[in-house]
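I have placed the structure first, in the form of structure tokens, so that the comments after it can refer back to it.
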Amino acid sequence: MRTININFEFMKWHKSAVYASVFLILLSLFSIFSKGFNYGVDFKGGTLVEIGFVNDAPIDEIRDFLVENNYLKSSAQYFGSKNNILIRIQNIISTNESNLSNNLTIDLKKEFDFTLKRVEYVGAQVGEELRDQGILAALIALVLIMIYITLRFEYRFSIGAILALIHDVVLIMGIFSISQIEFNLSVFAAILAVIGYSLNDTIVVFDRIRENFKSAIIENTNATSLVNQSINQTLSRTLITSLTTILVLLALIFFGGEILFGFSFALLIGVIIGTYSSIYIASATLLLLNISAKDVVIEIDDEKP
């Protein structure tokens, strides 16, 4: 079997990459605190109305109808197929929400022939609870991840992994804040999936770094060369995993319809950012914290009975 030796000097640019990431994080935080997010009905509360047509639904006419009849902060999109439309209307304080879906259905019946499939209402308080619980779940996950990596690796590894995960989450949220793409529960689920994906990629690289550190004292290899070597050894696995995942996500973005766009888009940018962070954030952090072969080898010896 033919083997291909790859030796890219990734760590040659690790400081520049860290500076670029810090700038992007600051830009993302500025947008998050100044512009905020375009929260969907899941978080802000509102009404969902799904209607079905025998033939292709006249979505453009329905969108014009919603604007002309003063259904503020509403949106219409295909759901599942071009025969079904999902109408979302965010909470409006001056409107009686309990009657909103009934009024909308009656008004639509005057202009269109359709069947009502479902009506859902999410209160503003419920939306706030979902948002707060989601943030709490993410924080708990990060704490548990840090504990796990600290127990499995040297503590510097846990710092690098957590910084990489925070980097990924902040950049994804920053992109959604800047672009004002709707931020809903499916997007939040995608962010949690990215945390797991990025962590898995980081653990693979860290495990190879730890294995290579075992022989580093004998061979007198410096940390920068060793980290670079470890990244190159896992590069083929990282690229194959990332590229196959990206192909699936691109298919979902182009053919999955509007209802899956936010979820697919968040996963797509998360996979790209997560692959980058496992190299230039997690691994670079080890170098910035001056990790050496002695630190890792001594820790491994201490774990032996």
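The values are calculated or read from the model by the stated rules, or taken from the named source; none is laboratory data. In this text, all values refer to a predicted model and were calculated from it rather than measured experimentally. Cβ sites come from the backbone with ideal geometry, for glycine too, and all protein chains shown count toward neighbours.
Is it true that VAL248 is surrounded by 22 or more Cβ atoms within 10 Å (Cβ to Cβ) and modelled with pLDDT of 85 or more?
Working: surrounded by 22 or more Cβ atoms within 10 Å (Cβ to Cβ): no; modelled with pLDDT of 85 or more: yes.
No.
Anything in the range 14-61 that is in a helix (DSSP H, G or I), charged (D, E, K, R) and either farther than 30 Å from LEU289 by Cβ or under 17 Å from the mean Cα position of the chain (by Cα) (or both)? List them, or say none.
ASP42, LYS44, ASP60, GLU61
Run down LEU199, LEU192 and say which single residue is within 30 Å of TYR39 (Cα to Cα), in contact (Cβ under 8 Å) with a residue 12 or more places away in the chain, buried (at least 18 other Cβ atoms within 10 Å of the Cβ) and within 23 Å of the chain's Cα centre (by Cα).
None of the other options fit; the residue is LEU199.
Residue under question is PHE53, and the condition is that it be more than 25 Å from ILE175 (Cβ to Cβ), touching a Pro at 6+ places or on another chain (Cβ under 9 Å) and surrounded by 15 or more Cβ atoms within 10 Å (Cβ to Cβ); does it hold?
no
Would you mind stating whether SER34 is modelled with pLDDT under 85, out of contact with any Gly (no Cβ under 9 Å at 6 or more places or on another chain) and surrounded by fewer than 16 Cβ atoms within 10 Å (Cβ to Cβ)?
So SER34 fails the test.
Could you pull out every one of the helices (runs of 4 or more DSSP H) wholly within the range 96-192 that has 1 or more residues that are under 21 Å from THR275 (Cβ atoms), modelled with pLDDT of 85 or more and among the acidic types (Asp, Glu)?
Numbers: elements: 97-111, 124-152, 155-179.
Because the criterion is at least 1 residues that are under 21 Å from THR275 (Cβ atoms), modelled with pLDDT of 85 or more and among the acidic types (Asp, Glu), the helices (runs of 4 or more DSSP H) in the range 96-192 that meet it are 155-179.
Just one of the numbered conditions (1) under 17 Å from the mean Cα position of the chain (by Cα); (2) among the hydrophobic types (A, V, I, L, M, F, W, C); (3) farther than 24 Å from VAL22 by Cα is not true of ILE273; which one?
Result: ILE273 passes all but (3).
Could you please give the count of residues in the range 255-270 that are surrounded by fewer than 24 Cβ atoms within 10 Å (Cβ to Cβ) and touching a helix residue (DSSP H, G or I) at 6+ places or on another chain (Cβ under 9 Å)?
10
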